[in-house]
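What follows is a single structure, and I will ask about it in a moment.
The values are calculated or read from the model by the stated rules, or taken from the named source; none is laboratory data. This structure is a prediction, so every number in the text was calculated from the model and none was measured. Please note: Cβ atoms are built from the backbone with ideal geometry, for glycine as well, and neighbour counts cover all protein chains shown.
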Amino acid sequence: MKTTSKNTLTKHFAASASKLKRYEYGRLQTKRCPIELHGLHNTTDRPDPIAILAQNSAGRIESLLPIRYQRMAESPLAFYRGSAAIMASDLGRMPSTRMNLQACGDCHLQNFGGFATPERRLVFDIDDFDETAPAPWEWDVKRLAASFMIAGKTLGFSDIESQEAAWRAANSYRIHMAEYAKMSALQIWYAQISLKELTKDGYEREKMVSLKKVRKAASLLPHEREFEKLTYTKGGRHRIKDNPPLIYHVSPDREAEFFGRAERAFYSYLKTLSPDKRILLNRYTIQDVAIKVVGVGSVGTWCGVILLMSATGDPLFLQFKEAHNSILEQFTGIRRFKNHGQRVVQGQKLMQSASDMFLGFTTDDEGRSFYIRQMRDAKVKPVIEKMGNATFLAYARSCGWALARAHARTGDAAILEGYMGSTEMFEDAIAKYAVAYNEQNNKDYDLLLNALKNGTLS
């Protein structure tokens, strides 16, 4: 089922429309798309998930595809992380509210975390926007809730405990959206979720990252910490260490040509930054460029690291990532950018409370789209494998809160509050969907293992 750009939450009313009018509009939408429909998962005439996965791999670096599939084969959760295109296909075939806002597109529990803002404050937020695009708001909620159900089962929690986490994520989303509905547009835009504040919400402190260590890391220069680990000196020039197949340089006969292409793309990227950031980066020169395999869903795309040095020997690491079409676009019919690096950058700035100061985009000589950002700027990734049940539930609430804050920026919180209502019907439906999708994901995971075994995928 395709949605249309006419149904965005920001286009229904003038800015002066009362909250009551917007709330009532949201409530009336339950007649067209009843809340209980969100608990359903349609398996009728479902496309072959392995075919979708193969299609999603088209155009990637073929030599890296085995790494992608190996990572996805590690567990049902790893498979879920790498199969956002499969779920997008499933969501696109289901009834929808048709109320679009800027969606993450790949909103699973491991795409959240803490990071330092440009002012060095530690905040918690969504941290992956490769698939961001306008889409129905509930698609993000469903993917998030299902990820908690799948992760819970992968980590050994019971069915009840895993479903409870999915429910908590949706419940937190609804409750916090109602809070954002009370705020002004500016208050929503300024809103941030501090990492320190989250630790008061039921986390088992012995299972969490030490905030003292994190604060210290945020106060230091992250590039200097990485410099000794990632580089060596050759002929008076600093080079990035190879660690194949995860970090490597192109072959020596191609290196000069590759470096030249990287320089041209970098100078094009500078034009997308504000003047003050361009002046800052003009104090640095490129020393080296290497390919770096990252994540699960991104494996096989052109991703890498750029090492820059200032005249005084200060290092700066930038990460570049290739951006393809969003998996959401074919199901929404909405495409606003020719350069998908720009799509990622603009989507991230719309959703995040504070974005990387060097976030920008570019195009290479072959027309491929990229976005560029700092590498590892005091990032804090929750280690879900070490979470007890109490921490897992608290983390679900945190992610639901962060998603509500992100959606409230480009959506209409009052409309969404009106739609979800004040009862627990919404989270009950989403948790039911999460249970059904966990079963579907397990079946698809088995199909992947069989495809790898018989050579359909390799």
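Can you find even one residue in region 115-138 that is at negative phi and assigned to a helix (DSSP H, G or I)?
Checked region 115-138: at least one residue is at negative phi and assigned to a helix (DSSP H, G or I).
Being of a type in the set (Ser, Thr, Tyr) and either modelled with pLDDT of 95 or more or over 28 Å from residue 77 (Cβ atoms) (or both) is the filter; apply it to region 346-376 and report the residue that is surrounded by the most Cβ atoms within 10 Å (Cβ to Cβ).
Restricting to residues being of a type in the set (Ser, Thr, Tyr) and either modelled with pLDDT of 95 or more or over 28 Å from residue 77 (Cβ atoms) (or both), the top hit is 371.
I would also like to ask the following. Would you confirm, using the coordinates I've provided, whether residue 127 is more than 23 Å from residue 39 (Cα to Cα) and touching a residue at least 40 places away in the same chain (Cβ under 8 Å)?
Criteria met by residue 127.
Could you list, in sequence order, the residues of region 430-458 that are of a type outside the set (Phe, Trp, Tyr), within 18 Å of residue 57 (Cβ to Cβ) and in a helix (DSSP H, G or I)?
Selection gives 444, 447, 448, 449, 450, 451, 452, 453, 454.
Condition first: surrounded by fewer than 24 Cβ atoms within 10 Å (Cβ to Cβ) and assigned to a helix (DSSP H, G or I). Now tell me which residues in region 377-392 satisfy that.
384, 385, 386, 389, 390, 391
Same structure, new question: Mind listing whichever residues of region 264-289 are of a type in the set (Lys, Arg) and out of contact with any helix residue (DSSP H, G or I) (no Cβ under 6 Å at 6 or more places or on another chain)?
Of everything in region 264-289, those that are of a type in the set (Lys, Arg) and out of contact with any helix residue (DSSP H, G or I) (no Cβ under 6 Å at 6 or more places or on another chain) turn out to be 264, 271, 277, 283.
Find the residue count for region 263-290, including only residues that are without any contact (Cβ under 8 Å) to a residue 60 or more places away in the chain and among the aliphatic types (A, V, I, L, M).
5
From the set of residues in region 86-111 that are assigned to a strand (DSSP E or B) and touching a Phe, Trp or Tyr at 6+ places or on another chain (Cβ under 7 Å), which is surrounded by the fewest Cβ atoms within 10 Å (Cβ to Cβ)?
Restricting to residues being assigned to a strand (DSSP E or B) and touching a Phe, Trp or Tyr at 6+ places or on another chain (Cβ under 7 Å), the top hit is 101.
Then there's this: In this structure, is residue 46 basic (Lys, Arg) and within 22 Å of the chain's Cα centre (by Cα)?
For residue 46, the condition - basic (Lys, Arg) and within 22 Å of the chain's Cα centre (by Cα) - is not met.
Please determine whether any residue of region 36-50 is within 25 Å of residue 323 (Cα to Cα), in the same structural domain as residue 130 (by TED's automatic domain parsing) and assigned to a helix (DSSP H, G or I).
Looking for residues that are within 25 Å of residue 323 (Cα to Cα), in the same structural domain as residue 130 (by TED's automatic domain parsing) and assigned to a helix (DSSP H, G or I), one finds at least one in region 36-50, hence yes.
Does any residue of region 91-110 turn out to be among the β-branched types (Val, Ile, Thr), under 27 Å from residue 293 (Cα atoms) and in the same structural domain as residue 419 (by TED's automatic domain parsing)?
no
Determine whether region 245-255 contains at least one residue that is of a type in the set (S, T, N, Q), in a strand (DSSP E or B) and surrounded by fewer than 17 Cβ atoms within 10 Å (Cβ to Cβ).
No: zero hits.
Tell me, which residue of region 16-43 that is surrounded by 15 or more Cβ atoms within 10 Å (Cβ to Cβ) and of a type in the set (Val, Ile, Thr) is farthest from the chain's Cα centre (by Cα)?
Residue satisfying both the conditions and the ranking: 30.
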